[in-house]
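The values are calculated or read from the model by the stated rules, or taken from the named source; none is laboratory data. Source: prediction; values computed, not measured. All Cβ positions, glycine included, derive from the backbone under ideal geometry; neighbour counts span all protein chains shown. Keep in mind that these areas ignore ligands, DNA and RNA; they rest on the heavy atoms of the full protein, side chains included. Shrake-Rupley method; radii C 1.70, N 1.55, O 1.52, S 1.80 Å.
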Amino acid sequence: MKKKSEDKMIKIMQIRAFCMIADRGTVSEAAENLFRTQSAITRSIRDLEHNLAVPLFERQASGMLLTELGKAILPRAQRAIAELHQVPALLSRLKQDRRDEAEPVWLFNLRRLQIFLALCRLHHTQSVASSLGISQPAVSAALKVLEKGAGMVLFRRTPKGMMPTAAGREMAPVISRALNEIRHIPDELAARQGILTGTVNIGALPLSRSRLLPLAIARLIARHPGIHIVTNESAFSTLITELRAGEVDFILGALRHDEAILDIHNQALFDEELILLVRQNHPLCSKPPSASDLSQVQWILPRSNSPARHLLDGAFQQAGMDAPTPVVESGDLAIVRGLLLNSDMVAAVSSQQLDFEVKAGVLRQLSLKLPDTRREIGLTFRQGALHSPATAALLTCIHEVVADGFK
């Protein structure tokens, strides 16, 4: 069974041959440029078309012409090969060796790259072997080929396991992006045939989790039940790293504006302000709270150094009051909700976050305005990313939910 599934895998050498024929127009020119025989190139294309179950070229006397389905996957195939071609330049910088590098044929093996990424994540060869259903010697052999091709040590043994070196860390996001492009190729073809499938990986920041994202996901699944959604609730710094590696398709939540991040693109959807919430029948509900009242409060606040916390501190200082000192710092809405319902604490949250509870009368907003606390909520992308059909469909639903006023 394992051998059969491996035979069905798209091979990087097949993708390479496909891109070269699309560029050169004939098998003979592609073979010449790739230093392979014409029969090997022909076999690669035949096997790729068999694995994808679609024709990618029209064979004509004048050469090979891309079909419409071939044109659909070409940008993604080219992006995958281009990503892998970046690796020699990255390694050359680490070696401080600017000489031209040969084409990285040592990278053109899908299983080898899967082993590399799994070892970056799991740190133990036995764990990698178990996760991929292969032997431990196969893992060691793949690593040996990669290190010989790189001309550098990619992992070091430590008490915590096999940890990537600087070279390994540089290679990992590039390889991850290349494999993600290849992973989306069957989904691209299915979409052209009217079927949306595949997985969307979303970096879900706190401000998107309570209403916007659930409404958009529900709308998407109602239209396309074959799509699989995975949400990632990690910290923003972790999500940005995973976005760069192609492991997260986009991030949804409060936007960070950092001009130094050149490879990231923000798209604002709307803005909202911070509000103060308490339980129903809280002592502060009966009148606007004074500075003296607020000085006695037990606060639930966003984590220190978060954008929301900086805005809140600024609003208090602008009002001539000391910045509040929290008893609890949390971005988890379940915790914030539970604390508010079971105590006299006061929480500072964005206006949409606990909107359902406010409308239901379970929580109350205090009549104290927090000036200059409006924030842009939106989408964060990797610059130049090719969205999968499933990702594009979810983005459409997100825009629709915002346009409909979160209904």
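In degrees from 0 to 90, rounded to the nearest 10, what is the angle of the helix 166-192 Cα long axis to the longest principal axis of the chain? Between helix and principal axis, roughly 80 degrees. Computed extension gain for Gln136 through His50, at 0.36 nm per residue and net of the alpha carbon distance, reaches 27.9 nm. How large is log10 I(q)/I(0) at q = 0.19 Å⁻¹ when the Debye formula is applied to the Cα atoms of segment 80-208, each weighted equally and without solvent? Normalising to I(0) and taking log10 leaves -1.09. Can you list the residues of segment 366-395 with backbone N under 18 Å from a point 7 Å past the Cα of Ala323, pointing along Cα to Cβ? Inside the label zone: 370-375. The heavy atoms of Arg309 offer some 30 square angstrom of accessible surface to a 1.4 angstrom probe. Scalar couplings 3J(HN,Hα) for segment 370-380, obtained by applying the Karplus form with A = 6.51, B = -1.76, C = 1.60 to θ = phi - 60°, are 10, x, 6, 10, 6, 10, 7, 10, x, 10, 10 Hz; x denotes Gly and Pro.
According to the square roots a ≥ b ≥ c of the eigenvalues of the Cα gyration tensor, what is the shape class of segment 120-183, taking rounded for a/c under 1.5, prolate for a/b larger than b/c otherwise, and oblate for the remainder? Note, shape of segment 120-183 comes out rounded.
Expressed in Å, the radius of gyration and Dmax of the Cα atoms of segment 58-115 are 16.0, 48. Between segment 30-108 and segment 372-407, how far is it from one alpha carbon centroid to the other, in angstrom? Spelled out, the Cα-based centre of one part sits 33 Å from the other.
Can you give the FRET efficiency for Gln365 and Glu68, using 1/(1 + (r/R0)^6), R0 = 51 Å, r = Cβ-Cβ distance, to the nearest 0.05? My answer for the efficiency is 0.40. The Kirkwood hydrodynamic radius of segment 341-393, based on inverse pair distances between different Cα atoms, is 14.9 Å. Taking a ≥ b ≥ c as the square roots of the eigenvalues of the alpha-carbon gyration tensor, segment 1-89 is classed rounded because a/c is under 1.5. Hey, any idea what % of the chain's accessible area is carbon plus sulfur with a 1.4 Å probe? Solvent-exposed carbon and sulfur of the chain make up 52 percent of the total. Largest accessible area first, the listed residues Arg256, Arg157, Arg211 line up as Arg157, Arg256, Arg211 when surface is computed with a 1.4 Å probe on the assembled protein chains.
For segment 287-407, the solvent-accessible area with a 1.4 angstrom probe is 48 square angstrom per residue.
From the cross-link list Lys71/Lys148; Lys95/Lys144; Lys287/Lys359; Lys11/Lys148, which pairs have alpha carbons spaced over 26 Å apart?
Table pairs above 26 Å Cα-Cα are Lys71/Lys148.
Calculated mean residue ellipticity at 222 nm for the chain: -15000 deg cm²/dmol, from DSSP H runs with n ≥ 4 weighted as -39500 (n - 2.57), summed, divided by the residue count and rounded to 500. Sorted largest first, the principal axis extents computed over the alpha-carbon atoms of the chain equal 84, 50, 41 Å. In the frame of its principal axes, segment 315-405 has Cα extents of 47, 31, 24 Å, reported largest first.
Between the helical axis of 212-223 and the longest alpha-carbon principal axis of the chain there is an angle of about 50 degrees.
For the chain, the longest principal axis of the alpha carbon atoms and the long axis of helix 12-24 meet at an angle near 80°. When Trp299, Trp106 are compared by accessible surface with a 1.4 Å probe, the order from highest to lowest is Trp106, Trp299.
For segment 262-275, 3J(HN,Hα) computed residue by residue from phi via the Karplus equation (6.51, -1.76, 1.60; θ = phi - 60°) reads 7, 9, 10, 10, 9, 9, 6, 10, 6, 10, 8, 10, 7, 10 Hz, glycine and proline entered as x.
When a/c is below 1.5 the answer is rounded, else prolate if a/b is larger than b/c, else oblate, so apply that to segment 172-281 with a ≥ b ≥ c taken from the square roots of the Cα gyration tensor eigenvalues. It is oblate, given that a/c is not under 1.5 and a/b is not larger than b/c. Taking the Cβ of Ala218 as the centre, find all other residues whose Cβ is under 14 Å away and add up their charges (Lys, Arg: +1; Asp, Glu: -1). Overall, the nearby charge balance is +3. In this structure, the amide hydrogen of Leu363, modeled 1.01 Å from its nitrogen in the peptide plane, lies closer than 5 angstrom to those of Val358, counting only residues at least 5 positions away or on a different chain.
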